[in-house]
Amino acid sequence: MTPETAAPAPEPANRGKLHHRVKGGLVSFIGFLLSPLSWWNDLFVNVPLALAFAWVTSLVWPKGFTACFVLGYWLTNVLGLVMLQKGAHELLAGQASPYSRKALFKDFLVSLVYTLAILVLVKLGVLKPIPDYFGSP
């Protein structure tokens with residue numbers, strides 16, 4: 001046989017597990033950055049992402065700023081918790097697994113508590129649409 005016609009070498013059995021572990025580690029890391037489990041993530045990750053979402057939305061629907069800020073914040077937190085749990089399972093088990101409704105509900109409740117704090121900041125006027133910072137009508 002010539003090198004062009006030779007059968008490819010079989011892949012090692014651990015290669016699939018390694019792929020899942022690397023993927024799980026990456027998904028877990030991104031999930032941790034988005035999750036409400038670190039003291040700094042809200043200030044540097046979730047609030048800026050939610051605020052950007054609210055600002056963009058308020059350009060089209062100015063009265064929707066608060067609702068979109070809350071929605072964006074919820075989405076980043078819940079997505080982070082989901083990614084963290086799924087990624088950690090894939091990292092530790094070496095294979096992907098389904099995400100349960102119970103886990104989603106728990107992640108939603110944690111996000112709800114943090115959202116209440118964001119609502120307080122919006123109602124106090126600490127966080128508001130961009131034009132309101134500059135005194136525009």
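Descriptive notes on the structure:
- Ellipsoid semi-axes in whole angstrom, largest first, where each is sqrt(5λ) of the Cα gyration tensor of region 16-130: 31, 13, 12
- Taking 29, 65 and counting other C-beta atoms within 10 Å, the order from fewest to most: 29, 65
- Remark: relative contact order (region 16-130) = 36 percent; criterion is Cα-Cα distance under 8 angstrom and separation of 6 or more residues.
- Overall, region 16-130 carries a charge dipole of about 200 debye about its Cα centre when +1 sits on the Cβ of Lys and Arg and -1 on the Cβ of Asp and Glu, all other atoms neutral.
- Fully extended contour minus Cα-Cα distance, from residue 117 to residue 55, at 0.36 nm per residue: 20.4 nm
- Positive-end residue of 94, 29, 130, charge dipole of region 16-130 with Cβ unit charges: 94
- Entries of 23/86; 102/123; 63/123; 63/106 with Cα pairs more than 22 Å apart: 102/123; 63/106
- Among the trypsin sites (Lys or Arg not before Pro) in region 27-102, none sits in a DSSP loop with a Cβ that has at most 16 other Cβ atoms within 10 Å.
Each value in this text was obtained by applying a stated rule to the coordinates, not by laboratory testing. Given the structure is predicted, the values throughout are model-derived calculations rather than measurements. With ideal geometry, Cβ positions are generated from the backbone for all residues, glycine too; neighbour counts draw on all protein chains shown.
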